[in-house]
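I have placed the structure first, in the form of structure tokens, so that the comments after it can refer back to it.
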Amino acid sequence: MCILTNDISRDETDKFSSRQQEIILESIKIISREGAQALTIKNIANAIKVTERAIYRHFKSKSDIIKAIICEFRNKMAQMKKILEKESHTPLEAIVRFIQLHFEGFMREPYMTSLLFSEEMFRAEDHSQEYLKTMFSMAKKQVGGLIKKGQEQSEIRTDLEPENMAIVVLGTIRFHILQWHLNGRERDLLKEGESLINTIRKMLEK
């Protein structure tokens, strides 16, 4: 079940049936291959080799599929948050690990990169667009919180404004993934990002 709320920080993830998961995955792959404009019930049905009526048994509309895609993206973020919470890191190392987890996740599922650059699809869905804004706001809050904590522990420079630096970190992640995406997603994203991660570490550390 896909629940769109503003509480992105909640620990539970949205549950989908195996067929719903298949529909969501194929929808993301269609967006990745052909662009957001190609996401139609007909194209999804053709990709899965079922009838359009079969798709409607699991989702009432294309809009519901788009909401489910966002929920799936939120699930990925929630999983990364849980990994960070289980691992023992200083605030600065947690920021480094946050970046690494993003790179590892997109390397594992490269088609997910299309969701970062499909704003026009979400713009048509009022509630989905607001939810995305909240989701990215939560990511900024998470990184900003780590920076502030690192400052309090004398690990991170105190002359940096946490929220502004969080935007720098998140923007750097997005730009690096975009560059990788435009270059055909063939190289090792994490390996190519090592120098970038070291630069961010040097920029933050006291």
key: Only one of ILE41, ILE28 that is within 23 Å of HIS181 (Cα to Cα), at pLDDT 90 or above and not hydroxyl-bearing (Ser, Thr, Tyr)   = ILE28
inquiry  = Here are the criteria: (1) modelled with pLDDT of 95 or more; (2) under 22 Å from SER137 (Cβ atoms). Tell me which single one PHE106 does not satisfy.
reply    = (1)
inquiry  = Looking at region 37-55 only, could you name the residues that are surrounded by fewer than 20 Cβ atoms within 10 Å (Cβ to Cβ) and in a helix (DSSP H, G or I)?
reply    = GLN37, ALA38, ILE41, LYS42, ASN43, ALA45, ASN46, ALA47, ILE48, GLU52, ARG53, ALA54
ask   = From the residues in region 116-140 that are within 19 Å of GLY193 (Cβ to Cβ) and under 10 Å from the mean Cα position of the chain (by Cα), which one is modelled with the highest pLDDT?
value = ALA139
ILE65 in a helix (DSSP H, G or I) and at pLDDT 90 or above = yes
inquiry  = Restricting to region 161-206, give me the number of residues that are at negative phi, part of a loop (DSSP other than H, G, I, E, B) and surrounded by fewer than 17 Cβ atoms within 10 Å (Cβ to Cβ).
reply    = 6
remark   = Taking region 50-76 and keeping only residues that are in contact with a helix residue (DSSP H, G or I) (Cβ under 7 Å, 6 or more places away or on another chain) and closer than 21 Å to LEU116 by Cβ, one is left with LYS62, ILE65, ILE66, LYS67, ALA68, ILE69, ILE70, GLU72, PHE73, ARG74, LYS76
message = Which condition from (1) surrounded by 14 or more Cβ atoms within 10 Å (Cβ to Cβ); (2) modelled with pLDDT under 90 is the one that ARG10 breaks?
response = (1)
request  = Go through the residues of region 69-77 one by one and say whether even a single one is of a type in the set (Val, Ile, Thr) and surrounded by 20 or more Cβ atoms within 10 Å (Cβ to Cβ).
outcome  = yes
key: Residue match in region 56-67 (condition: within 20 Å of the chain's Cα centre (by Cα), closer than 29 Å to ILE147 by Cα, of a type outside the set (Ser, Thr, Tyr) and surrounded by 15 or more Cβ atoms within 10 Å (Cβ to Cβ))   = no
ask   = Any idea which residue in region 155-171 is nearest to LEU101 (Cα to Cα), counting only those that are charged (D, E, K, R) and out of contact with any Pro (no Cβ under 7 Å at 6 or more places or on another chain)?
value = GLU163
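The values are calculated or read from the model by the stated rules, or taken from the named source; none is laboratory data. Computed from a predicted structure; not experimentally measured. Glycine also receives a Cβ, built like all others from the backbone with ideal geometry; neighbour counts cover every protein chain displayed.
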